[in-house]
Amino acid sequence: CVLKLKQQKSPLNKLLEHLLRFLEKRDPHQFFAWPVTDDMAPGYSSIIHKPMDFSTMRQKIDDHEYGALTEFSDDFKLMCENAIKYNHVDTVYNKAAKRLLQVGMKHLQPENLMRSLKPMS
Ligand SMILES: COc1ccc(OC)c(-c2cc(C(C)=O)n3cccnc23)c1
């Protein structure tokens with residue numbers, strides 16, 4: 001049988017996987033770990049037309065769907081903004097999304113990348 005050579009991870013994919021783990025650690029309740037369903041959130045799919053969550057972002061990394069850091073950052077922003085849009089301002093989800101967005105955008109700035117990558121170096 002022909003051994004399927006393990007696909008070499010590109011430098012971008014290694015960076016995105018590290019950033020994803022860094023961001024997931026800032027979602028301790030795992031509110032952003034999986035897709036939000038209409039069962040959990042009434043009317044969600046009629047209000048949020050481009051859902052996003054960490055598991056989908058991980059799948060996109062594995063499928064090499066991100067060609068640049070900006071595309072990864074755009075999905076992260078979309079995920080947080082969906083939660084800010086759907087959930088009332090006084091909910092745990094809205095507050096968690098605003099906090100996560102702030103932390104995430106700080107560390108996704110190219111000039112700050114090294115700060116979140118230090119353990120890797
Ligand atoms: C209470 O435990 C969980 C567990 C997983 C969740 O999303 C994956 C959520 C969740 C996550 C969200 C978001 C992110 O909008 N949400 C909105 C309404 C009701 N529930 C949620 C809550």
- request: Give the residue from Ser55, Ala68, Met79 lying farthest towards the positive end of the charge dipole for the chain; charges sit on Cβ (+1 for Lys and Arg, -1 for Asp and Glu) and the dipole is referred to the Cα centre.
  value: Ala68
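Which semi-axis lengths, in whole Å and largest first, follow from the square roots of five times the eigenvalues of the Cα gyration tensor of the chain?
On the way: eigenvalues 150, 71, 26 Å².
After scaling each eigenvalue by five and taking roots: 27, 19, 12 Å.
Work out how much length Gln102 to Leu78 would gain on full extension: take 0.36 nm times their residue separation and subtract the Cα-Cα distance, in nm to one decimal. Show your work: numbers first, answer last.
Numbers: separation 24, 0.36 × 24 = 8.64 nm, distance 1.31 nm.
This chain segment gains 7.3 nm when fully extended.
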- prompt: Gaussian network model of the chain, Cα springs within a sub-10 Å range: biggest mean-square fluctuation belongs to which of Met57, Met105, Met40?
  reply: Met40
Nearest-10 value in Å² for the accessible area of Ser73, using the 1.4 Å probe: 10
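List the GluC sites (Glu not before Pro) within the stretch 53-121 that DSSP assigns to loop and that have no more than 14 neighbouring Cβ atoms inside 10 Å. Mind showing how you got there, number by number?
Numbers: sites: Glu65, Glu71, Glu81, Glu111; in loops: Glu65.
Answer by residue number: Glu65.
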statement: Note: His64 to Val92 extended length (0.36 nm per residue) minus current alpha-carbon separation gives 6.8 nm
query: If you roll a 1.4 Å probe over the stretch 1-97 with all protein chains in place, what percent of the accessible area is carbon or sulfur?
result: 58
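Charges only on Cβ, +1 for Lys and Arg, -1 for Asp and Glu: so what's the dipole of the stretch 58-121 about the Cα centre, in debye to the nearest 20?
Numbers: 10 positive and 9 negative charges, 86 e Å.
So the magnitude is around 420 debye.
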- prompt: So between His49 and Asn13, what do we pick up on full extension, going 0.36 nm a residue minus the alpha carbon distance?
  reply: 10.3 nm
- prompt: In the Gaussian network model of the chain, springs joining C-alpha atoms below 10 Å, which of Ile61, Ile47, Ile84 carries the largest mean-square fluctuation?
  reply: Ile47
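The values are calculated or read from the model by the stated rules, or taken from the named source; none is laboratory data. This is a predicted model, so every value here is computed, not measured. Backbone-built Cβ (ideal geometry, glycine too); neighbour counts: all protein chains shown. Each accessible area value is taken on the protein alone, full model and side chains, heavy atoms only, with ligands, DNA and RNA left out. Shrake-Rupley method; radii C 1.70, N 1.55, O 1.52, S 1.80 Å.
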